[in-house]
Amino acid sequence: MAPTHEVTNQVPPPYGHNTAQDPALLAALHRAGAGWAEPELRELGALAGTEQAAEWGRLANENEPVLRTHDRFGHRIDEVEFHPAWHQLMEIAVSHGMHAAPWQDARPGAHTARAAKFYLWGQVEAGHSCPISMTYAAVPALRSTPELAGWLEPLLASPSYDFGLREPHGKRGLIAGMSMTEKQGGSDVRANTTTAVPAADGSYRLTGHKWFTSAPMSDVFLTLAQAPGGLSCFLLPRVLPDGSRNALFIQRLKDKLGNRSNASAELEYDGAVGWLVGEEGRGVPTIIEMVNMTRLDCTLGAASGMRLGVQRAVQHANHRRAFGKALIDQPLMRNVLADLAIESEAATTVALRLAEATDRAVAGDEGEALFKRLGLAVSKYWVCKRGPAHAAEALECLGGNGYVEESGMPRLYREAPLVSIWEGSGNVAALDALRAMARSPQSLEAYFAEVDAAAGADRRLDAAAAGLRKQLGDLTDLEFRTRRLVEQLALTLQGALLVRYADPAVADAFCASRLAGDHGGAFGTLPAGVDTEAILRRAQPVAA
């Protein structure tokens, strides 16, 4: 066919950038003493910015996992099949230690280095981050039972991705999943009805159902069940030591809004063999060790998505022209892009600060453990809550081009709400912050110690901190107004970190728009006078 027009004013594909060229990320890495990881981070960032990596992400999502309940002879097999692209993504994540590797790494900042890699690689494809996160988070829960941790931890931390249903002792590496919620309870896990009956050999037999099971193709699961002593935590392998299948049956895979590459399932236990983790009746405190780590990854995942969104929007605006000049030179578009960039940098900075707190807490720093307890609760609520709005605005920066699947932005948009729901939806996360302050008042002291480290540097931040103290002094209708309080806790913490560590233009714009009240309800409502050029310089994609 004869051409009817010349194609012009189209934006080049968003490839060839090194996603590790992220000033907030690299600064946080070095503050945590993990500068030794920068060469590997840059190597990973170069790979994450390639067309090949983007293709792996596309294929993994367009070719969703398939449940095969039976083989052709009628034998029950409960296998989940994945596209090879999924396995490629998993292979890279595991080989770079984004799973449980830091638990076996004595270098300073190992958890921060792992968080930085998780944040970078998640920009390629978010779905496979789920089993990676579960595997990372399983270790601290397992350590409550040293005999289990002794043989499982080295395999969970192994750099070998060894997919397939085989006896755990015979594998080069393991992946862990988590199975908590049930139909009737949801977040209220104390309403669980799955039972665990002690057996003569010291194991238990579990019978019941699980409404949402993360990564059902995992080698081992942590799960909750009602034992004689109350709700307890158990470890269940998919394959037993004698090589036989455990009585875990996948009923179906969930048909989800997003996170399509990752299998989420309903499981039935029919006398499944499990081993007690921790003490009977202490299931929630035991598994909460796992939940707290996955909440950190929720925050990192939201920050990762924001960074991807703002970089895609800036790259588009650099090359697309409208009304006689590049979009990025249009004042209102600059306002929108700078606002997205500020939100992204604030999310990255607080998420990596919490990873640094993890490093220090693991090393025995009680003050950092207290800070993380409240800082993570408020950040998980707020950063994850901001993700969907940020993704929607970033998508809109591409106009109609952003609404079509080929741009990758619809996948980002569908993915964004997940981390706000996973490991406790908004209300659960907000109430967890109240619980932290009530049960551990020292966590609030640790929070304010972090905020007060920036005292006197910005009057708007000082006013926000004073306002918070006033709010906390009034307990009237506290639960009703929890979201407002937790939002202010999160914003004030982000402001304090940016004032201390970020480019002055970023910190000034954040404090002016988020803490001083001079901000509208949408992105792109920054007040006049902010330095958008300096802000956007930090969000520009950099060639690999």
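Every number in this text was worked out from the coordinates using simple rules, so none of it is lab data. Because the structure is a prediction, the values reported are computed rather than measured. Note that each Cβ is placed from the backbone with ideal geometry, even for glycine, and that neighbours are counted across all protein chains shown.
Summary table below
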item: For Leu231, net neighbour charge (Lys/Arg +1, Asp/Glu -1) across residues whose Cβ lies under 10 Å away; result: +1
item: Residue-by-residue Karplus 3J(HN,Hα) for region 508-516, coefficients 6.51, -1.76, 1.60, Hz, glycine and proline x; result: 5, 5, 5, 5, 5, 9, 9, 10, 8
item: Relative packing of peptides 8-19, 498-509 - highest average C-beta neighbours within 10 Å first; result: 498-509, 8-19
item: Distance between modelled label sites at His319 and Ile288, nm, 7 Å Cα→Cβ extension; result: 4.9
item: Where a label projected 7 Å from the Cα of Glu268 along Cα→Cβ would reach, residues of region 176-205 with amide N under 16 Å; result: 183, 194-195
item: Proximal charge balance of Ala191 [Cβ under 12 Å; K/R count +1, D/E count -1]; result: 0
item: Karplus-derived HN-Hα couplings along region 220-231 (A = 6.51, B = -1.76, C = 1.60, θ = phi - 60°), whole Hz, x at Gly and Pro; result: 9, 10, 9, 9, 10, 7, 7, 9, x, x, x, 4
item: Gained length - Asp531 relative to Ala200, 0.36 nm times residue gap less alpha-carbon distance; result: 112.2 nm
item: Cα-projected label distance for Glu79 with Gln442, points at 7 Å along beta-carbon direction, nm; result: 5.2
item: Cubic angstrom per residue, convex hull over Cα atoms of the chain; result: 155
item: Peptides ranked, highest mean first, by Cβ atoms within 10 Å: ranges 441-450, 96-105, 465-474, 22-31; result: 96-105, 22-31, 441-450, 465-474
item: Residue-span extension gain [Arg252 to Arg166] - 0.36 nm each, minus C-alpha spacing; result: 28.8 nm
item: Between region 1-56 and region 179-193, the Cα center-to-center distance that results, in Å; result: 40
item: Signed unit charges on C-beta, dipole axis of the chain, positive-most listed residue Thr135, Val499, Leu67; result: Val499
item: Reachable lysines from Lys210, criterion Cα separation under 27 angstrom, eight or more residues apart if same chain; result: Lys171, Lys183, Lys254, Lys256, Lys380, Lys385
item: Cα centroid of region 157-176 to Cα centroid of region 61-90, whole Å; result: 17
item: Among Pro237, Asn401, Ser95 - extreme Cα towards positive end, dipole of the chain, charges at beta-carbon; result: Asn401
item: Additional length obtainable on full extension of the chain from Asp188 to Ile421, 0.36 nm per residue less Cα span; result: 82.5 nm
item: Charged-residue dipole, Cβ positions (Lys, Arg, Asp, Glu), region 371-485 about Cα centre, Debye nearest 20; result: 340
item: Evaluated at q = 0.17, 0.22, 0.23 Å⁻¹: base-10 log I(q)/I(0), Debye formula over Cα of region 467-536; result: -0.69, -0.97, -1.03
item: Over the chain: helical MRE at 222 nm, DSSP H runs n ≥ 4 each giving -39500 (n - 2.57), nearest 500; result: -16000 deg cm²/dmol
item: Cβ charges +1 (Lys, Arg) and -1 (Asp, Glu), total dipole of region 287-537, debye; result: 400
item: FRET E, pair Val404, Asp474, Förster distance 41 Å, beta-carbon r, rounded to 0.05; result: 0.25
item: 12 Å beta-carbon shell around Ser95, net charge (K/R +1, D/E -1); result: -2
item: Simple Cβ-charge dipole of the chain, Lys/Arg +1 and Asp/Glu -1, about Cα centre, in debye nearest 20; result: 540
item: Segments 172-179, 395-402 sorted - mean Cβ within 10 Å per residue, highest first; result: 172-179, 395-402
